[in-house]
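One structure is given below, encoded as structure tokens.
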Amino acid sequence: MRVRVLVAIAGLLVSPAHAGDSPCGVALGTWGDSPARCSSIRKGSVGKHDQGAYMLFKQGRQWEQWEAYCGIEKVRLVNNICSYRLRCEEEGARSVNQVQFQILGPRTIAFAGLDGKYSVRYEFCTSKNLSPLE
């Protein structure tokens, strides 16, 4: 479970209307792992089998994905690389995780995978907090 949290956590710059909403300019709202996934999310057709396919950035420096609920702490931005320390609770277990992502463009970010490469991409879908669990 921790590996999924480490790989899946993300952030990014979106549009000037959303820029700066949370640490490193991450837009508040729902993010998906592809444009097609964003379309499914907006239609409400993403289900519980889609773990890791979406994530939410919420007000108050909160991040959520699947059953992981995290507070964003200790933010660092150098050039287009953002690092977060996250204090998370997932399925009753608590953990502290470090994640890093690269801001690729106004609506796209990529997380560093276990190999250190920025290969796990997410797209900004909508400013609404949409979740398959709700």
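Distances between placed amide hydrogens fall under 5 Å for N80 paired with no residue 5 or more residues away or on another chain.
Around the amide H of L104, modelled in the peptide plane, lie the amide H atoms of I109, A110, all under 5 Å away and 5 or more residues distant in sequence or on another chain. Counting only residues at least eight positions apart within a chain, or on another chain, the lysines with an alpha carbon under 24 Å from that of K43 are K58, K128.
Read-outs: derived from the displayed coordinates by stated rules, not from any lab. Predicted, not measured: the structure shown is a model, and the values here were computed from it.
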